[in-house]
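Here's the structure we're looking at; comments come further down.
Bear in mind that the values in this text are calculations on the coordinates, not laboratory data. Small disclaimer: the values here were computed from a predicted structure and weren't measured. Every residue, glycine among them, receives a Cβ derived from its backbone with ideal geometry; neighbour counts consider all protein chains shown.
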Amino acid sequence: MITEKALIALCAALAIGLTALATAWAQSKIGAAGAGSLAEKPELTATIVILVAIPETMVILGFVIAAMILFGGK
Amino acid sequence: MIVRMSKVEIAGPKQLLQDVLALVRSLDLFQIEPSTVGFIEKGQEEDLRSYSLDEKTLFERLFLEDLRDKIQKLFSYLPCLPVRMSYLDPQPIIGTIAYTLEKHIASCRELSEQKQNYERELSELKRYSGFLDTLESLFRDSGTEPNLDVIGLTIKDLSSVEQVRTLLSRLTGGKFKLFTVPAGDGTLGGLITVEKTISEKVSRALSSEHIPEMSLPESFDLLSLPGKIEYLEKRTAEIIDGIGGIDQNIERTCKRWKPIYISVLAWIEERLSLLTASVSAFQTKMCFFINGWMPTSDIERLKDHLNASYPHQVVVEEKEMHEEDLERVPVMLKNPPYFRPFELFTRVLRLPTYTSLDPTPFIGIFFPVFFGMILGDAGYGIILLILSIILKKQFSKKAMIRDASQILFISSIYSILFGTLYGEFFGDLPHRFFRIEPICVERRTAVIPMLYFTLTVGVVHILLGLVLGVITAVKKKTKKEAFYKVISILIIACLITVLATFFDIFPEIVARPVILAILFLMPFLLFTGGLLAPLELLKSIGNIISYVRIMAIGLTSVLLAFMANNIAGLMGNVVIGIVIAVMLHLLNIVLGVFSPTIHSLRLHYVEFFSKFYEQGGRQFDPLRKGDAGKPY
């Protein structure tokens with residue numbers, strides 16, 4: 001029973017942890033490129049904010065899966 | 001909302017052009033279109049030509065441009081002081097002004113050069129002063145050392161001092177003293193005392209290292225050391241007095257004449273803007289034509305004004321708007337006072353096209369709701385409410401901060417509302433102290449119900465976006481796109497129904513016909529949206545799931561508040577506990593302003609707007625007072 005709970009917790013942690021890492025990696029790349037673009041074209045601020053925010057969907061999906069694993073979707 | 005615009009042509013006798021333009025400008029409702037495309041019909045182009053200024057007007061324009069440049073040059077010499085307002089009418093005195101302006105520029109230039117010379121000399125004297133003060137104290141202290149020689153030098157910065165010290169150590173074997181005095185210009189004045197026998201060697205070494213020795217002006221040669229110091233002090237006082245005199249002189253000129261020149265400059269700019277705008281008009285042998293755009297609702301007002309001023313002489317004609325004109329129609333946003341501050345968020349992106357929709361009212365409705373749902377704490381909401389009121393009062397004249405504080409004000413009200421529903425007041429304090437249960441749901445524990453709730457919000461928001469997309473497509477008269485959006489709405493609704501049957505919200509028997517409906521709709525989706533349509537559909541599903549962030553970010557906020565209260569409770573001391581709790585709650589409030597704002601905006605910009613918003617509109621820029629230098 002304890003092993004089962006531990007496995008569930010591990011799966012939930014992996015679901016959110018891996019997606020968080022993926023989001024962080026993507027945002028680091030976009031953020032660095034965006035900062036470079038902003039130095040030359042400050043009028044692109046809105047576009048860059050949107051681009052940086054796009055990969056967040058990954059961690060949100062991970063969070064949904066983790067919540068489903070922990071609390072039971074059905 | 002986007003104001004309905006009309007394509008308008010104003011025509012009248014050529015000699016009235018300047019007067020008509022002045023009248024149109026005073027009404028602030030007409031944007032001149034310098035291009036003939038869409039305004040002048042084929043075949044008529046040869047009869048019309050661009051309006052060209054006559055010789056007299058051209059001379060006037062050159063004269064005014066020259067005068068404007070000269071006034072701006074004079075202003076560069078004058079200080080920025082608050083000055084009175086001039087009520088003189090500039091037009092009759094323009095000739096006199098041109099004459100006095102020359103005199104004022106010459107005198108101000110001379111005074112300015114004199115001041116620069118004084119300042120340069122003062123800076124030099126400061127350097128010598130530091131040098132001589134150190135020299136005096138040195139001779140006072142070492143009066144019994146007749147074998148010492150003194151070398152003065154200029155050191156470029158602090159980091160070079162060590163370099164000089166090392167050099168001297170090497171040359172003198174450590175038998176030296178180095179004093180440094182900061183000079184006014186960022187450099188350092190240095191004073192070296194060494195034995196007379198090696199002073200020449202040191203001088204040569206300094207020279208080879210490009211460290212310049214400091215030499216006093218020739219006028220100092222005949223003076224003794226105390227005489228030199230006294231002379232320096234006297235000259236410094238004279239220069240300071242001189243600078244003060246110049247400043248007073250310039251200030252006097254500024255206070256007396258700047259108001260007049262300001263009003264003349266404003267008049268010149270108004271006049272020049274009129275002359276520049278007239279170049280965008282067209283003419284035949286007898287008549288002028290001005291083409292442009294204006295709000296449809298203002299056409300009657302323009303006609304009334306022109307009729308009153310030039311009865312039966314000037315004609316305003318609303319021209320038929322063709323489909324190809326839609327891309328060039330300028331965009332003007334006009335929203336009710338409640339929604340107007342939210343234009344701040346719309347203007348972050350490029351303006352919507354004329355055929356698209358103004359998203360401001362939708363941001364005005366949904367942004368505060370999302371903000372409230374994420375923050376969801378009545379205590380935090382009250383603090384932000386007070387903060388927004390203070391900001392609004394403090395910065396009532398700064399439009400951007402005023403709008404931002406109005407948005408914060410509305411959002412904080414929603415935070416209080418959702419905080420009451422969630423039973424949160426600085427975290428779980430109501431439950432902790434008074435055992436008050438939440439009215440609606442406890443976010444900290446009800447993860448799955450909140451997840452479903454936010455997904456439902458996402459479904460509503462995305463479907464609304466798609467409906468707006470259908471309206472935009474209909475306005476653009478692109479039927480295929482409208483059908484594609486309708487089919488997308490239907491398929492998303494069917495998919496949600498199927499999902500609902502999995503979670504026992506609908507009976508399982510519903511699933512099969514709905515799946516069949518999806519299969520039936522798929523070919524139409526591919527036909528109207530192309531091969532990438534299913535991918536777009538998946539993107540919409542992803543967009544809906546993205547709304548879970550409302551719950552996720554809210555959960556982190558409530559957990560941080562809960563932990564702040566827990567940590568404060570564990571302190572064992574009431575005062576320390578309160579301090580810790582206040583600090584952690586403050587941190588949470590700061591995060592609670594930024595995080596919900598960024599995520600609510602993202603949900604709008606990325607998820608919602610992608611369904612209907614078309615950027616690239618041209619800002620409506622009517623001819624108005626103060627348009628000098630505007631390129632036509």
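Helix B:378-394 versus the longest principal axis of chain B: what angle, 0 to 90°, nearest 10, using Cα atoms?
So the helix axis and the longest Cα principal axis differ by about 60 degrees.
Can you give the Kirkwood hydrodynamic radius for segment B:307-357, in Å, rounded to one decimal and based on Cα pairs? Mind showing how you got there, number by number?
On the way: mean 1/r = 0.0696 Å⁻¹.
Computed over segment B:307-357, the radius equals 14.4 Å.
Within chain B, what's the longest stretch lacking GluC sites (Glu not before Pro) that sit in DSSP loops with no more than 13 other Cβ atoms inside 10 Å? Provide the component values of the computation, followed by the final result.
Numbers: sites that count: B:GLU41, B:GLU45, B:GLU46, B:GLU209, B:GLU320, B:GLU327.
So the longest stretch without any such site is B:328-632.
At 37 °C and 0.692 mPa s, what whole-number value in µm²/s does Stokes-Einstein give for the translational diffusion of segment B:340-611, with Rh from the Kirkwood sum over Cα pairs? If you can, show how the numbers build up before the last one.
On the way: Rh = 20.7 Å.
Answer from the Stokes-Einstein relation: 159 µm²/s.
Under the rule of -39500 (n - 2.57) per DSSP H run of 4 or more residues, summed and divided by the residues of chain B, what mean residue ellipticity at 222 nm is obtained, to the nearest 500 deg cm²/dmol?
Working: 18 runs with 380 residues, N = 632.
The helix-only estimate for chain B comes to -21000 deg cm²/dmol at 222 nm.
For segment B:503-632, build the convex hull from the C-alpha positions and give me its volume per residue in Å³.
Working: hull volume 31.7 nm³, N = 130.
Per-residue hull volume (Cα only) is 243 Å³.
Apply 1/(1 + (r/R0)^6) to the Cβ-Cβ distance of B:ILE578 and B:ARG165, taking R0 = 60 Å, and write down the FRET efficiency to the nearest 0.05.
Values: r = 56 Å, r/R0 = 0.93.
Calculated value: 0.60.
Of B:LEU455, B:VAL514, B:PHE426, whose Cα points farthest to the positive end of the dipole of chain B (charges on the beta-carbon: +1 Lys, Arg; -1 Asp, Glu; origin at the Cα centre)?
Of the candidates, B:VAL514 comes out farthest on the positive side.
For a Förster distance of 45 Å, can you work out the FRET efficiency between the beta-carbons of B:ILE448 and A:ALA46, rounded to the nearest 0.05? Intermediate results must be reported in sequence, preceding the final value.
Working: r = 35 Å, r/R0 = 0.77.
According to the calculation, E is roughly 0.85.
Provide the per-residue ³J(HN,Hα) series for segment B:491-499, in order, calculated from phi with Karplus coefficients 6.51, -1.76, 1.60 and θ = phi - 60°, each as a whole number of Hz, with x at glycine and proline positions.
These are the phi-based 3J(HN,Hα) values: 5, 4, 4, 5, 4, 5, 5, 4, 4 Hz.
Taking the Cα centre as origin and putting +1 on Lys and Arg beta-carbons and -1 on Asp and Glu beta-carbons, what dipole magnitude results for segment B:458-599, to the nearest 20 debye?
680
Summarise the partner chain shielding of A:52-64 as one whole number: the mean count of Cβ atoms from other chains within 10 Å of each residue's Cβ. Display every interim value, and only then the final one.
Values: counts 2, 9, 3, 0, 7, 10, 1, 2, 11, 4, 0, 8, 9.
Per residue, the number of nearby Cβ atoms from other chains is 5 on average.
Calculated FRET efficiency, B:ARG432 and B:SER52, Cβ-Cβ r, R0 60 Å, to nearest 0.05? Display every interim value, and only then the final one.
Working: r = 81 Å, r/R0 = 1.35.
FRET efficiency, B:ARG432 to B:SER52: 0.15.
Of all chymotrypsin sites (Phe, Trp or Tyr not before Pro) in segment B:431-481, which ones are in loop regions per DSSP and have a Cβ with at most 13 other Cβ atoms within 10 Å? Write out the running numbers ahead of the final one.
Numbers: sites: B:PHE433, B:PHE434, B:TYR452, B:PHE453; in loops: none.
Answer in residue order: no site qualifies.
Of B:ALA22, B:LEU206, B:LEU191, whose Cα points farthest to the positive end of the dipole of chain B (charges on the beta-carbon: +1 Lys, Arg; -1 Asp, Glu; origin at the Cα centre)?
About the Cα centre, the residue reaching furthest to the positive side is B:ALA22.
Kindly express, to the nearest 10 degrees and within the range 0 to 90, the angle between helix B:360-375's C-alpha long axis and the longest C-alpha principal axis of chain B.
The angle comes out near 80 degrees.
Between the helical axis of B:158-172 and the dominant principal axis of chain B, each derived from Cα atoms, what acute angle in degrees is found, rounded to the nearest 10?
With rounding to tens, the tilt is 30 degrees.
How big is the Kirkwood radius of the protein assembly as shown, worked out from every pair of different alpha carbons and given in Å to one decimal? Could you put the intermediate results ahead of the total?
Numbers: mean 1/r = 0.0297 Å⁻¹.
This gives a value of 33.7 Å.
If Lys and Arg each add +1 and Asp and Glu each add -1, what is the summed charge of the other residues whose beta carbon sits under 11 Å from the beta carbon of B:LYS539? Intermediate values should be presented prior to the final figure.
Working: positive: B:LYS611; negative: B:GLU536, B:GLU607.
Around B:LYS539, the charge tally is -1.
Going toward the positive end of the dipole of the protein assembly as shown, with +1 on Lys and Arg Cβ and -1 on Asp and Glu Cβ, which of B:TYR261, B:LEU384, B:LEU272 do you reach last?
Checked the options; the winner is B:LEU384.
For chain B, what are the per-bin percents of Cα-Cα distances with bins 10 Å wide, up to the bin holding the maximum?
So the P(r) values, bin by bin, are 3, 11, 13, 12, 13, 14, 14, 11, 6, 2, 1, 0.
Run a plain Debye calculation on segment A:2-71 (Cα atoms as equal point scatterers, no solvent) and give log10 I(q)/I(0) at q = 0.21 Å⁻¹, rounded to two decimals, same order as the q list.
Log10 of I(q)/I(0), two decimals: -0.80.
Run through all the Cα pairs of segment B:463-502 and give the fraction in each 10 Å bin from 0, expressed as whole percent.
Binned Cα distances yield the sequence 34, 42, 18, 6.
In peptide A:45-51, what is the residue-averaged number of other protein chain Cβ atoms found within 10 Å of each Cβ?
Values: counts 1, 8, 5, 0, 6, 8, 1.
Partner-chain Cβ atoms within 10 Å, mean over residues of A:45-51: 4.
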